[in-house]
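The values are calculated or read from the model by the stated rules, or taken from the named source; none is laboratory data. Everything quoted here is computed from the prediction, not taken from an experiment. Quick reminder, even Gly has a Cβ in these numbers, built from the backbone with ideal geometry, and neighbours come from all protein chains shown.
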Amino acid sequence: MDLETERAKRWWRTKRRIGSLERAAAFVDDVGFAFLFPKSGVALPSLWEAASDRPMHDLGREWGPDAERVWGWKDELPRRGLAWYGRFLRGRPSFLATDLLACLYPRSGAPGDFEDAQLSPDAYRIARILLRSGPQPTSALREALDAEGSKGGERFDRALSELGRGLVVTHFGTEDEGAGWPSGILELTARAFRLPRRTGRDRARLRAAGRFLDTILMARPAELASSFGWTAAEARAALDGLADRGKATRDGGVYRIG
């Protein structure tokens, strides 16, 4: 069996299509991490490909019920504490299983721990508003940052990308604002999810690398590093640690699970 076939099976592409929030949660729990929508040229699982047979280019012509369901799950899964969602995996909209989130979360788990992160002024401001005022719709946060117009929108997007990559915020439901799309609500990750105290960063990174390799099946350190925002040295050390413990095999620069 070739790698593409193995991955299709591992990433639920050969199973009955996901049609409920409960199965969407089970999918994220199983694979550990996934894009919302697939990215061309990037071999990682996506919720969309497990939930629909439609190719991505169809969405530009017709939204449809499948897209409506998947789009709604991105806000509802974290609101119910079933999966984290934000701009983490390669800096793109993506999900993390709660156990993987606990391994990857880089700070103490206190709501205000983002003060220890290296963020831009805009990102700090968003996080501090959430800390002070609780979950907020993105429309209100844009207004607080005076991020209107195309340039303001770019500023806001950059700040959200920082906050997602740093696991500072997650989506937390939506707020209906009348005409148009509902506004997504953001909340601090440390308040939305229980983050148990880690026993050690190296051990947590080893578990996260094992989760990655179990899902991706075969990878180079650069793929792990770019996915989780690690350095190449951190990714290589974690994969070597798995190989040393007999949990992965190493062939040159390529690692396989088992």
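Structural remarks
- Flag if Thr5 is closer than 28 Å to Ile126 by Cα and β-branched (Val, Ile, Thr): no
- Residue check, Ala123 over 19 Å from Arg194 (Cα atoms), modelled with pLDDT of 95 or more and either surrounded by 18 or more Cβ atoms within 10 Å (Cβ to Cβ) or touching a Phe, Trp or Tyr at 6+ places or on another chain (Cβ under 7 Å) (or both): yes
- Summed over region 20-47, the residues that are at pLDDT below 95 and more than 19 Å from Arg92 (Cα to Cα) give a count of 0.
- Only residues that are over 27 Å from Ala208 (Cα atoms) and in contact with a strand residue (DSSP E or B) (Cβ under 9 Å, 6 or more places away or on another chain) were counted in region 106-130, giving 3.
- Residue that is surrounded by the most Cβ atoms within 10 Å (Cβ to Cβ) [pool: residues in region 48-79 that are farther than 19 Å from Pro182 by Cβ and modelled with pLDDT of 80 or more]: Ala50
- Arg158 falls short of the stated requirement of being modelled with pLDDT of 90 or more, outside the structural domain of Gly72 (by TED's automatic domain parsing) and over 25 Å from Leu96 (Cα atoms).
- Members of region 81-105 found to be surrounded by fewer than 16 Cβ atoms within 10 Å (Cβ to Cβ) and either in a loop (DSSP other than H, G, I, E, B) or assigned by TED's automatic domain parsing to the domain that holds Asp157 (or both), listed by number: Gly81
- Tally of residues being hydroxyl-bearing (Ser, Thr, Tyr) and under 22 Å from the mean Cα position of the chain (by Cα) across region 200-258: 4
- Region 193-225: number of residues that are more than 21 Å from Ala83 (Cβ to Cβ) and either aromatic (Phe, Trp, Tyr) or assigned to a helix (DSSP H, G or I) (or both): 8
- The test for being under 17 Å from the mean Cα position of the chain (by Cα), part of a loop (DSSP other than H, G, I, E, B) and in contact (Cβ under 8 Å) with a residue 12 or more places away in the chain does not hold for Leu160.
- Condition check for Leu82: over 22 Å from Pro182 (Cα atoms) and of a type outside the set (Asp, Glu): no
- Residue within region 121-133 that is over 30 Å from Asp30 (Cα atoms) and either polar (S, T, N, Q) or under 17 Å from the mean Cα position of the chain (by Cα) (or both) present: yes
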